[in-house]
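First comes the structure, then the notes that go with it.
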Amino acid sequence: YKRQEKMPPQLLILDDFKISNEITAGLLKEMGYTAYTCQRSEEALNLIKSIKIDIIITDYLMPEMNGLEFLKKVRELEEYQSVPVIFLSSVSNPEIIESAENFGITAWLKKPVDIHQLAEVINKLITK
């Protein structure tokens, strides 16, 4: 996956809790990123089909479809087969994490998320 260098990195944050989205998006915008937020998986899937996203940040526990089901649908889209995906979740089940790794997650960060840790992961991905 190669992002367009001249534009600020575009990130998608998917979490069913609006306040989590707003806090994370606000911090990422302060760091110079463009951040889009969605509270529903279907909304996020529609967004990534219309806007090229450089990194996807998603919760695992969500209504409709969980983060792993969302990740599977993302990977079905040719242009998103190698886009970095970061999970933010309170779930720490090794089997779930392993399943997500098999579908190519980039990182699994425990909630409540340490914004400095998230920023470090994002910065590493952007400079690759």
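The values are calculated or read from the model by the stated rules, or taken from the named source; none is laboratory data. Here the structure is a predicted model, which is why all the values come from computation and not from measurement. Cβ sites come from the backbone with ideal geometry, for glycine too, and all protein chains shown count toward neighbours. When the accessible area is computed, the model is the full protein with side chains, heavy atoms only, and any ligands, DNA or RNA have been set aside. Shrake-Rupley method; radii C 1.70, N 1.55, O 1.52, S 1.80 Å.
Brief remarks follow.
- Filtered residues of the stretch 28-40 (kept if at pLDDT below 95 and within 14 Å of I86 (Cβ to Cβ)): L28, Y33
- Identity of the residue in the stretch 117-128, at pLDDT 90 or above and either acidic (D, E) or open to solvent by 90 Å² or more (accessible area, probe 1.4 Å) (or both), that ends up farthest from P9 (Cα to Cα): E120
- L27 satisfies every condition listed in (1) touching a residue at least 40 places away in the same chain (Cβ under 8 Å); (2) under 13 Å from the mean Cα position of the chain (by Cα) except (2).
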